[in-house]
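Chemist: Got a structure for you, questions after.
The values are calculated or read from the model by the stated rules, or taken from the named source; none is laboratory data. Only a predicted model underlies this, so the values are computations on that prediction, with no experimental measurement involved. Neighbour counts run over all protein chains shown; Cβ positions are idealised from the backbone, glycine included. SASA here: full protein model, heavy atoms, side chains in, ligands and nucleic acids out. Shrake-Rupley method; radii C 1.70, N 1.55, O 1.52, S 1.80 Å.
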Amino acid sequence: MTQPNRPTAPFSRKTRRQFLQGAGAALSAVALASCRGGYSNVQGGAGGSDTLRIYTWSNYIDDELLSQFQEQTGVRAIADVFDSNETMLAKVQAGGGNEYSIIYPSDYMVEQMKELNLLAELDKTKITGAENLLPQFQDPPYDPGNQFSIPAVWGTTGLVYNRTQLNPSPQDWDYLWDNQSKLARRVTLFNDVREVMGATLKSLGYSYNSTNPKELEAAFRQLQKLKPAIANFTTDGWRDQMLTGDLAIAMAYSSDALQVSEENPDIQYLIPASGSSLWTDTMVIPAAAPNPDAAYAWINFLLEPDVLAQASERLRFATANQAAIDLLPNALKSNPNLYPDQAALQKCERISPIGDATELYDQYWTQLTSL
């Protein structure tokens, strides 16, 4: 695995899954210097008691958030960025668990990391504010009782499209196949086997998490048919291409779609009618965390409603904290892209571990992307 570069440029608003500095590189946030007071229980750990290292997705932390944390705690926070759960897991297994005290895995990856004994069980007596989590996030299926994780950000996967170019507008995944000729080289799908295979399975009436070999083969055959129309497989590159008009439609995460639609109101987001994936990115403490006290301070800081509401408004992500949602502007908390209604959510599935079927998924993905 490529080792991450560590430039000192500050955070900016990027896409949820954007890989920011070169192939396989991760961005390290500026280490902020000011120190005014702190939490007396934050101590110990590699790099000194005043340092917290975080491993996260790119759109969840900015300089303002890091500065606020240091002002409250006296702890300097340094955040590195990963582009996929698999990249993160590989780094942790290679020793990164000794380097970071807070990591942001997605829901299904929490399950895998638990099974691999990579996570510390949370001491609930050290956490304040978890009672503000929305009911569905207080006992999630991927981590019952939030024993090892605290939900941070959630959202959906769907389609982003330019309404001036597509008329009538898409309603479901099958739009891609039904309009393949006019979409030729103007559509992108994620560079993510679980999302792409899952969406195709859903379009065929199957589960996003199917392990049935016949259903997986059917999804692969469908993707083979669509392949000539696909410009590329990219999780983040669609954004600029959509804004310049080079793309007409792309697979996208809800939080990224909101940012792009604010830059161009003609760009719209939809959750496909047949359903899609519902994801949650969480905060966990690695079993080998060098500074667990600072990690708990970070979790508590991100559970403060005013802190979280301000970050959500700046960075345009959906929070699982009801007290923070209550503080958001009406236009944001009523935005169906960020906070879909129950009818839309009921059609979505969480991505779950698929056991031995992983090998078949990877085999089809290799064939598809090498064509």
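Chemist: What does the extension gain come out to for Asp123 and Ser67, with contour length at 0.36 nm per residue minus their alpha carbon separation?
Modeler: Details: separation 56, 0.36 × 56 = 20.16 nm, distance 2.59 nm.
Taking Asp123 through Ser67 to full extension adds about 17.6 nm, to one decimal.
Chemist: Residue by residue through the stretch 261-278, which ³J(HN,Hα) values in whole Hz follow from phi under the Karplus form 6.51 cos²θ - 1.76 cosθ + 1.60 (θ = phi - 60°), with glycine and proline marked x?
Modeler: Each residue of the stretch 261-278 in turn: 5, 6, 7, 9, x, 6, 8, 10, 10, 9, 8, x, 4, 7, x, 7, 9, 10 Hz.
Chemist: Ok, one more. Once you list every other residue whose beta carbon is under 10 Å from the beta carbon of Asp246, what net charge do they have if Lys and Arg are +1 and Asp and Glu are -1? Numbers along the way, then the final one.
Modeler: Values: positive: Arg185, Arg186; negative: Asp240.
Every neighbour counted, the sum reads +1.
Chemist: Also, quick follow-up: Before anything else, pin down the relative contact order of the chain: Cα pairs under 8 Å, at least 6 apart, normalised by residue count, whole percent.
Modeler: Details: 713 pairs, mean separation 87.4, N = 371.
With pairs under 8 Å counted, the relative contact order is 24 percent.
Chemist: Using only DSSP helix segments of four residues or longer, with each worth -39500 (n - 2.57), what per-residue ellipticity at 222 nm results for the chain after dividing by its residue count and rounding to 500?
Modeler: Details: 14 runs with 123 residues, N = 371.
Taking each H run of at least 4 residues, the total per residue is -9500 deg cm²/dmol.
Chemist: Additional query: Report the net charge of residues surrounding Glu215, where surrounding means a beta-carbon distance below 13 angstrom and charges are Lys +1, Arg +1, Asp -1, Glu -1. Mind showing how you got there, number by number?
Modeler: Numbers: positive: Lys202, Lys214, Arg221; negative: Glu217.
Charge balance near Glu215 sits at +2.
Chemist: Output ³J(HN,Hα) for the stretch 193-210: one whole-Hz value per residue in order, computed from phi by the Karplus curve 6.51 cos²θ - 1.76 cosθ + 1.60 with θ = phi - 60°, and x for Gly and Pro.
Modeler: These are the phi-based 3J(HN,Hα) values: 4, 5, 6, 5, 5, x, 4, 5, 4, 4, 5, 8, x, 9, 6, 4, 10, 4 Hz.
Chemist: Oh, and also: With every protein chain kept in the model, how would you rank Glu195, Glu215, Glu263 by accessible area, 1.4 Å probe, largest at the top?
Modeler: Values: Glu195 5, Glu215 45, Glu263 110 Å².
Ranked list, largest accessible area first: Glu263, Glu215, Glu195.
Chemist: Per 0.36 nm of contour for each residue apart, how much would the distance between Asp341 and Asn167 grow if the chain were fully extended, relative to their Cα-Cα spacing?
Modeler: 60.2 nm
Chemist: Provide the per-residue ³J(HN,Hα) series for the stretch 93-102, in order, calculated from phi with Karplus coefficients 6.51, -1.76, 1.60 and θ = phi - 60°, each as a whole number of Hz, with x at glycine and proline positions.
Modeler: 5, 8, x, x, x, 8, 9, 10, 10, 9
Chemist: Considering only protein heavy atoms, with the full assembly of protein chains and a 1.4 angstrom probe, order Arg221, Arg76, Arg316 by accessible area, largest first.
Modeler: Working: Arg221 110, Arg76 85, Arg316 50 Å².
Descending accessible area places them as Arg221, Arg76, Arg316.
Chemist: While we're on this one: Roughly how many percent of the accessible protein surface of the chain is carbon and sulfur, given a 1.4 Å probe and a whole-percent answer? Each step should come with its number before you reach the end.
Modeler: Values: 6800 of 14560 Å².
Carbon plus sulfur share of accessible area: 47 percent.
Chemist: So, one more: Straight-line reach from Lys227: which lysines have Cα under 28 Å away, leaving out those fewer than 8 places along the same chain?
Modeler: Straight-distance partners of Lys227: Lys14, Lys182, Lys202, Lys214, Lys347.
Chemist: Just the number please: accessible area per residue for the chain, 1.4 Å probe, all protein chains included, in Å². Display every interim value, and only then the final one.
Modeler: Working: 14560 Å² over 371 residues.
For the chain, the solvent-accessible area averages 39 Å² per residue.
Chemist: Right, here's the next one. Given H placed 1.01 Å from N in the peptide plane, which residues other than close sequence neighbours of Ser277 have an amide H under 5 Å from its amide H?
Modeler: Placed amide hydrogens put Thr157, Glu349 under 5 Å from Ser277.
Chemist: Report the residue, chosen from Lys126, Lys91, Lys333, that carries the largest GNM mean-square fluctuation when the chain is represented by alpha-carbon nodes joined by springs under 10 Å.
Modeler: Most flexible of the set in this elastic network: Lys126.
Chemist: In a GNM of the chain with a 10 Å cut-off on Cα contacts, which of Gly74, Gly355, Gly158 has the highest mean-square fluctuation?
Modeler: Per the Cα network of the chain with a 10 Å cutoff, Gly355 tops the list.
Chemist: Now, a different point. Ignoring ligands, DNA and RNA, how do Thr87, Thr164, Thr125 rank by accessible area with a 1.4 Å probe, largest first? Please report the intermediate quantities before stating the final value.
Modeler: On the way: Thr87 35, Thr164 95, Thr125 120 Å².
Of Thr87, Thr164, Thr125, the descending order of accessible area is Thr125, Thr164, Thr87.
Chemist: Okay, next question. Which loop chymotrypsin sites (Phe, Trp or Tyr not before Pro) in the stretch 233-270, with loop taken from DSSP, have no more than 15 other Cβ atoms within 10 angstrom of their Cβ?
Modeler: none
Chemist: A further question follows. Among Val75, Val284, Val193, whose mean-square fluctuation peaks in a Gaussian network model of the chain (Cα, cutoff 10 Å)?
Modeler: Result for the chain, Cα springs under 10 Å: Val193 fluctuates most.
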